[in-house]
Amino acid sequence: VAELARLEIPYVFYSLRGLYSKQVVMDALALFKLLDNYHESTAVYRALNIPTFRINYKDFVTLSHQAQKRTESLYCVLQKIDLFKNIEDQTRDRVKKLISLIDKYSPLAKTKKVSEIYTGLFQDSGYLKYLASTDNQESRQQLGYLQQFYQKIKDFENDVVKNSAIQN
């Protein structure tokens, strides 16, 4: 695979070994975790490092410090971002976008299929558009990993349907 990339020969890597350790898939899993438990600070941190939500380090340290100082989750502090004066406007916008997605998709996660949540979340977040607009080998590879992950989700959904049909 490395040799094909070095020679700039197009290829598609289909191995699922290590799929869940790929950065883009771990980003997807972090977003899913936030829909289930948005007070999980490690998932919030990971989400704030996704390119469409990425905030600068100084703002992150300020917000993290406020969370620790107030003994609140990072998510609670993000919800109060307008209280903090030394935060950049871009950070405010990105945080508000993330919170609005969590607010929108958390209730839907209880009633909709995982694949529907996945599709909507990644489209609304701008992450797919970001990856598609960055036309290079790495972005194409990341899109491929997301497609493989989506296929795993669809396979899981199909297995659940099959198993429930067998039990009935």
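The values are calculated or read from the model by the stated rules, or taken from the named source; none is laboratory data. Predicted model only: the values in this text are computed from it and were never measured. FYI the Cβ positions are ideal-geometry reconstructions off the backbone, even for glycines, and counts take in every protein chain you see. Side chains are part of the model used for accessible areas, which takes the heavy atoms of the whole protein and leaves out ligands, DNA and RNA. Shrake-Rupley method; radii C 1.70, N 1.55, O 1.52, S 1.80 Å.
Tell me which of these E40 doesn't satisfy, since it passes every other one: (1) over 18 Å from L146 (Cα atoms); (2) more than 14 Å from the chain's Cα centre (by Cα); (3) among the acidic types (D, E).
(2)
Conditions first: (1) part of a loop (DSSP other than H, G, I, E, B); (2) open to solvent by 60 Å² or more (accessible area, probe 1.4 Å). P107 passes all but one, so which condition is the exception?
(1)
Go through region 53-99 and give me each residue that's surrounded by fewer than 19 Cβ atoms within 10 Å (Cβ to Cβ) and within 16 Å of G126 (Cβ to Cβ).
Listed by number, the residues that qualify are R54, Q90, D93, K96, K97, I99.
Kindly indicate which of Y20, Y38 is aromatic (F, W, Y), open to solvent by 70 Å² or more (accessible area, probe 1.4 Å) and either in contact with a strand residue (DSSP E or B) (Cβ under 8 Å, 6 or more places away or on another chain) or not in a helix (DSSP H, G or I) (or both). First the steps, then the outcome.
Details: Y20 fails: either in contact with a strand residue (DSSP E or B) (Cβ under 8 Å, 6 or more places away or on another chain) or not in a helix (DSSP H, G or I) (or both).
Answer to the check: Y38.
Output the residues belonging to region 114-149 that are surrounded by 15 or more Cβ atoms within 10 Å (Cβ to Cβ), out of contact with any Lys or Arg (no Cβ under 9 Å at 6 or more places or on another chain) and assigned to a loop (DSSP other than H, G, I, E, B).
Of everything in region 114-149, nothing turns out to be surrounded by 15 or more Cβ atoms within 10 Å (Cβ to Cβ), out of contact with any Lys or Arg (no Cβ under 9 Å at 6 or more places or on another chain) and assigned to a loop (DSSP other than H, G, I, E, B).
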